[in-house]
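One structure below.
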Number of protein chains: 4
Amino acid sequence: MTRLKACVLGATGMVGQQFVRILAGHPDFELVLLTASERSVGLQYQNSTDWVVSNKIPKEFKEMIVTNTQTEKLVENEIDLVFCALPSGIAEELEIDIATAGIPVFSNTSAHRMKPDVPILIPEINPDHLKLIETQQFTDGFIVTNSNCSTSGLVFGLKPLMPFGLNDVVVTTYQAVSGAGRNGVASMDILGNVVPFIPDEEAKMEVETRAILGKLDDGSIRPADFRINASCARVPVMNGHLESVVVQLDDDVSTDDVIDAFETFSGEPQSLNLPTAPKTPIVVHQEADRPQPLRDLSIEGGDLGMAVKVGRIRKKDGRVNFFLLVHNTIRGAAGASVLNAEYALAKGYLNPRTEVI
Amino acid sequence: MTRLKACVLGATGMVGQQFVRILAGHPDFELVLLTASERSVGLQYQNSTDWVVSNKIPKEFKEMIVTNTQTEKLVENEIDLVFCALPSGIAEELEIDIATAGIPVFSNTSAHRMKPDVPILIPEINPDHLKLIETQQFTDGFIVTNSNCSTSGLVFGLKPLMPFGLNDVVVTTYQAVSGAGRNGVASMDILGNVVPFIPDEEAKMEVETRAILGKLDDGSIRPADFRINASCARVPVMNGHLESVVVQLDDDVSTDDVIDAFETFSGEPQSLNLPTAPKTPIVVHQEADRPQPLRDLSIEGGDLGMAVKVGRIRKKDGRVNFFLLVHNTIRGAAGASVLNAEYALAKGYLNPRTEVI
Amino acid sequence: MTRLKACVLGATGMVGQQFVRILAGHPDFELVLLTASERSVGLQYQNSTDWVVSNKIPKEFKEMIVTNTQTEKLVENEIDLVFCALPSGIAEELEIDIATAGIPVFSNTSAHRMKPDVPILIPEINPDHLKLIETQQFTDGFIVTNSNCSTSGLVFGLKPLMPFGLNDVVVTTYQAVSGAGRNGVASMDILGNVVPFIPDEEAKMEVETRAILGKLDDGSIRPADFRINASCARVPVMNGHLESVVVQLDDDVSTDDVIDAFETFSGEPQSLNLPTAPKTPIVVHQEADRPQPLRDLSIEGGDLGMAVKVGRIRKKDGRVNFFLLVHNTIRGAAGASVLNAEYALAKGYLNPRTEVI
Amino acid sequence: MTRLKACVLGATGMVGQQFVRILAGHPDFELVLLTASERSVGLQYQNSTDWVVSNKIPKEFKEMIVTNTQTEKLVENEIDLVFCALPSGIAEELEIDIATAGIPVFSNTSAHRMKPDVPILIPEINPDHLKLIETQQFTDGFIVTNSNCSTSGLVFGLKPLMPFGLNDVVVTTYQAVSGAGRNGVASMDILGNVVPFIPDEEAKMEVETRAILGKLDDGSIRPADFRINASCARVPVMNGHLESVVVQLDDDVSTDDVIDAFETFSGEPQSLNLPTAPKTPIVVHQEADRPQPLRDLSIEGGDLGMAVKVGRIRKKDGRVNFFLLVHNTIRGAAGASVLNAEYALAKGYLNPRTEVI
């Protein structure tokens, strides 16, 4: 099969780099265009970005010339789908423009996440929400978003517990500095410190979590109706958001019931064997003091950092407690978006432009 | 007035050092004896300890000879009161032995905290609990403990809210490495990492908090009856435990009500003007991103690190959220114990041994 | 005596904050004007800066209104002397303009440091260089600079050794993130890392050190003629530049000779008892593993962070090795500049403008 | 070919773990025995060690039962060669005992490094030194050591420059905490700090470097005769020793000459294509601010962390400066030892015991 032609918008930022890393050698998508802001345009990719997400820039992209972030460039280059790693402000109008031009947009920005017809898709969790795009105003294009990085971990901790009657969630985060972008956190603010505030993050977690776990009903999402309370803080960790979760369930479950629910959890990306899908979406740690960001992100092995890690599952006075760990720039950003595109392809929503013509 | 003769048991550890620092020049207590384990006995204090709690060892203690940790040494030296910074295992029998010998013990260990006749005293919070010592088996001596370090902060966040009908508490901690002692956390475990487990800490917080906020009734403590759920983690911070607190109150209070309750909170140590008491036991931060361990422990100024800092007070969906910060080796350990002794002195429970004879 | 009216240019940056902290309650200089860039103009100082250099903004400056950085503002306000904490680019023309207007400038910027008639003054080291200002083009004003932060420590390690015949210096630095300014180092670059490059730093150390230790001869500086080789790296430390120094001396000195040279070193700021001068400009550490940035910067006590700490003095195969530690934003920046002004005042170079008229 | 039976002594420590990781699936050596101290004996390997060197313990070793560290166990199990990761004190007699029993020892300890008949072997640097073992007192066994971790990097920076006439070396280190072992550095000592002292490290670097770069002459090593001066400090970095090197050469070389010497450097492990040998022993970084421990250790890719990284090569006033980076527990410890064994095998010094009999 011919691969679809993909473009990464905002390829020089950190999430942009993760897109490039993950799309290198992708079986379905061929990354043929990288865009960035003015000062990078015309440069080789290797000279436009300070690569930090792995040892080396994948060879095939080193000398690719960075172009403008403009819809006409996408059309010119017959791009079949777009991954967006732009800042929200810039992305808002542009994504609509691109979708209007008939190009599907898989976006990591929050610009359109709260629109009633834009799905916040996590194919293991709410695959049916993808149908929302059929209600969008565009002819051929559409916009699919992935969730905020801390939300992307939390929903994996909650979804398997919904059959037990989830009625209250208190979540508290320990978030890595990479979540704020390449230069988002100054070292003077975080060395040996914890900053108990991340702008908008708590509201995002509370709203997105209920939306993702909500029901698609008559063409719109009815948010899940449990209570949820989020507290977010930044810690001096490079990658990996750790979250402490306390849930109140209707059923009187045992710790083993919870472990079992996590370990047996699986979704369509697994049954469809999508390229970026982890074999086991939730990995349960048995050790007393895990998961830890430094040790358990495990990009090694088969999961590319897409599995969510859970541990310290314990029951106390009627509530269930656990810690979870999510790779914020992979499962929480670029990897999530690529998986969404893979799922859309599997569901028949993506086609080569040449076939369209 | 003649100062009472004090001894620090376990003076070479980190909490022991804090005792020495705080007792230097104390108006009521004269620190005349320092004890430590065998290998330090006979050495000058400055050669027996790797001083880390401030710039320099107070001059008067530099050349003091360290002695054995034995009750007879205390009797020989006519010690009037003892501050205990020993490990729990060693402290258990010894503290009973010392109290039996007629010497009051102010202990930072958890050895006897859970005994029904031993108060976990925080004079701003539960001053009446001190009366429990009258039910102890000893003739002249007694044992008073202070709480676990993370508990010592939490109760300041909860006590002022009790009039509003406290019925549920979820607390999540970001704890400093100094809480584990001088060599308690290896750098390989915590550099760039978070460890979501501290042995026994969660149970301690849950049990001690309810005990401290409980009622002394007919000679015993009836624990407060709200629900409480604690999750504890270690972060790469040197000093200062940060805690995220979510409470459910019976009353429908506003954020301003909560701020007001914190700011107007005061206790007996303040009205008695005790030497180690902070003027304002709870300091409310108005900035969006405070308190932070690196910036707000403030040993500078008048409070010696004894004030608890509170910030990000917000109301969400019927619950009140806030972050609090406590200096774990001062308000959470040595400073707490010294304040307890000051309060016991003010209440007439401490007398010079020479008067006893 | 009436205090001279002082202004801090660029008062909202980190060095600007240190100026404000050090000048609070200064016996000779009354800080009456704070300037900053456009977006801060018209705001209260406390609302224009994210204060990080101590617990709290000194009370008297909290509500001072920040003004434009313009020479006419200085004239209007009858400013007697100016401390400059601006970026070099902005400072270059402005400092000349201010000095031309008759106002002495004590500058922390590198803008004019390399001019033949501008002294890089460290009053303990090269007090006679102050005379250079008499050769400047200005009528009443003049420009005095202090050295680069890492140089300010090194010269204290070298000056006392010059009588032994200093002929070669190899210095290697471990520099704190605060040296790059408030947002100069992104956390993603330095958490758990060392960055072996600081733009222009090595050349500055090599050139400035020889200039400061050079001779004023016939109205110009003849640089000292030893070899010097600097290697500079950034480490994840908040404050305090540590430097490893290896020197080759002509004389065959013992370790004790070196210790003695350091301990007995003293200068005019000490004999004049200048307000910001440390009693002991060089503090020698005897412990095997000191000085350390975390433990030995010691703003506590009498020295305000102005003393340079030296330790691990050892002799190996004909060379002398030692480590030194300097507080980069105090002795290496704001404190250095204030001491320069105090020295200029003592030498009769500063006068109230009202007297001038 | 049948693989030789190997044993790791002290397999539960961090260097022991690296041995296990590197030997997993090794083409020449089959790791069949793991030893540790008493408290681990009889346990499965996975229950005896807190694995930190990668994501997971290689499957084949998880359930291997840990045995005593005793020579008779080695003989019983027909071990063909031993890798020693024990503490020096324990290793001293034991290694002699094992070699006496006819078993070759590849040791990471310093116990016998300074013996005149024990080579400190780095096959790219001093392959001929292996011959020294022929002068050892043992019949079939022998002892080969690898160098101290910081030395193992330095010699790669110096060897290619020897043809230019190396006459003086000043080296200053930024060493990772893992170099001190699993619990060697307490977090309270290194968070936000630099410790300018590592016991014995400077002397080891100075002596070992000259020995390794010395000549084997008439059955003994004549140390290289350049001057060398080492200063060592610990920094808050997990893995990777960074070193600043300043060398004085006889020849007047250009920066390009030096780069060329590094890039073209290759040794016998490369020509023999030994399994653990990096393709390029020295990797030259062109970027202004590299190599960095966080970014350039690169266990990814083909080199397993065995290549030494060099950067910021510059010439100043007749001297050559550069920074180098070495993975301290791989090229500086376990990997070095495994490569030594591979080289000894290639040179015919290793034979299966069954053939011996």
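Observations
- Evaluated at q = 0.09, 0.12, 0.14 Å⁻¹: base-10 log I(q)/I(0), Debye formula over Cα of chain D: -0.47, -0.84, -1.15
- Residues C:Lys56, D:Lys59, B:Lys309, arranged from fewest to most other Cβ atoms within 10 angstrom of their Cβ, appear as D:Lys59, C:Lys56, B:Lys309.
- Relative to the Cα centre, the charge distribution of chain A, modelled as +1 at Lys and Arg Cβ and -1 at Asp and Glu Cβ, gives a dipole magnitude of about 800 debye.
- GNM flexibility winner over chain C from C:Thr151, C:Thr12, C:Thr139 (Cα, springs under 10 Å): C:Thr139
- Whichever aspartates and glutamates have a C-alpha closer than 15 Å to that of C:Lys115, once near sequence neighbours (fewer than 8 apart) are set aside: C:Glu92, C:Glu93, C:Glu95, C:Glu134, C:Glu208
- Shielding by partners for peptide B:171-181, expressed as the average number of C-beta atoms from other protein chains within 10 Å of each residue's C-beta, is 4.
- Under the criterion of Cα pairs below 8 Å and six or more residues apart, the relative contact order for chain A equals 18 percent.
- Overall form of the protein assembly as shown per C-alpha gyration tensor (a/c, 1.5; a/b vs b/c): rounded
- Axis of helix C:201-212 versus longest Cα principal axis of chain C: the two differ by about 90°, to the nearest ten degrees.
- The ranking of C:Val66, B:Val170 from fewest to most other beta carbons within 10 Å of each one's beta carbon is C:Val66, B:Val170.
- Remark: region D:140-154, residue by residue, has Karplus-estimated 3J(HN,Hα) of 9, x, 6, 10, 10, 10, 10, 7, 3, 4, 6, 4, 4, x, 4 Hz, where x stands for each Gly or Pro and the curve is 6.51 cos²θ - 1.76 cosθ + 1.60 at θ = phi - 60°.
- Helix B:335-346 vs. chain B, principal-axis angle (Cα, 0 to 90°, nearest 10): 70 degrees
- Here the Karplus curve 6.51 cos²θ - 1.76 cosθ + 1.60, taken at θ = phi - 60°, turns the phi angles of region B:264-281 into couplings of 8, 5, 7, x, 4, x, 6, 5, 7, 6, 5, x, 8, 6, x, 4, 10, x Hz, with x standing for Gly and Pro.
- Contact order for region D:149-327, expressed relative to its length and based on alpha carbon pairs under 8 Å spaced 6+ residues apart, stands at 27 percent.
- Between copies, the label points at D:Asp256 (set 7 angstrom from Cα along Cα-to-Cβ) are spaced 5.5, 7.4, 7.6 nm, reported in nanometres from shortest to longest.
- Counting Cβ atoms of other protein chains within 10 Å of each residue's Cβ and taking the mean over peptide D:228-241 gives 6.
- Of the residues B:Phe226, B:Thr255, B:Asn239, the one whose Cα sits farthest towards the positive end of the charge dipole of region B:179-264 is B:Asn239 (charges of +1 on Lys and Arg Cβ, -1 on Asp and Glu Cβ, taken about the Cα centre).
- The GNM of chain B, with springs linking C-alpha atoms under 10 angstrom apart, assigns the highest mean-square fluctuation among B:Asp289, B:Asp140, B:Asp317 to B:Asp317.
- Counting only other chain Cβ atoms within 10 Å of each residue's Cβ, the peptide D:50-56 averages 4.
- Going from the residue with the fewest nearby Cβ atoms within 10 Å to the one with the most, B:Cys7, B:Cys84 rank B:Cys7, B:Cys84.
- Exam field: D:Pro27 pseudo-label spacings to other copies (7 Å along Cα-Cβ), nanometres: 2.9, 7.8, 8.0
- Local electrostatic count at A:Ala203 - Lys and Arg +1, Asp and Glu -1, tallied over other residues with Cβ under 14 Å: +1
- Whichever aspartates and glutamates have a C-alpha closer than 12 Å to that of A:Lys347, once near sequence neighbours (fewer than 8 apart) are set aside: A:Asp128, A:Glu268
- Backbone N under 13 Å from the C:Arg314 label point (7 Å along Cα→Cβ), restricted to region D:167-211: D:171-173, D:196-207
- C:Ile125 long-range amide H proximity, modeled H, under 5 Å: none
- Considering helices alone, the calculated mean residue ellipticity of chain B at 222 nm is -7000 deg cm²/dmol, with DSSP H runs of length four and up weighted by -39500 (n - 2.57) and normalised per residue.
- The charge dipole of region C:149-327, taken about the Cα centre with unit charges on the Cβ atoms of Lys, Arg (+1) and Asp, Glu (-1), comes to about 400 debye, rounded to the nearest 20.
- Rotational relation D to A, axis-closest Cβ in chain D, residue and distance rounded to whole Å: D:Gly192, 2
- Amide H contacts under 5 Å for D:Glu30, placed H, 5+ residues apart: D:Leu4, D:Lys5, D:Ala6
- Label spacing, shortest first and in nm, from B:Arg39 to its equivalents in the remaining copies (7 angstrom along Cα→Cβ): 1.6, 5.4, 5.4
- Total charge dipole magnitude, region C:216-285, about the Cα centre, Cβ charges on Lys, Arg, Asp, Glu only, Debye to nearest 20: 580 debye
- Fraction of alpha-carbon pairs over 20 Å apart in region B:1-86 - percent: 24 percent
- Within-9-Å neighbourhood charge of C:Gln46 [Cβ basis; K, R +1; D, E -1]: 0
- Couplings for region B:52-59, taken from phi via the Karplus curve 6.51 cos²θ - 1.76 cosθ + 1.60 with θ = phi - 60°, read 10, 8, 6, 4, 9, 4, x, 3 Hz in order; Gly and Pro are left as x.
- Centre-to-centre separation between the Cα atoms of region D:221-280 and those of region B:100-136: 63 Å.
- Each of C:Ile120, C:Ala288, C:Ile96 was placed along the dipole of chain C (beta-carbon charges, centred on the mean Cα), and the one lying farthest toward the positive end is C:Ala288.
Read-outs throughout are calculated quantities, based only on the coordinates presented, and are distinct from any laboratory measurement. From a predicted model like this one, the values you see are computed outputs, not experimental measurements. Neighbour counts run over all protein chains shown; Cβ positions are idealised from the backbone, glycine included.
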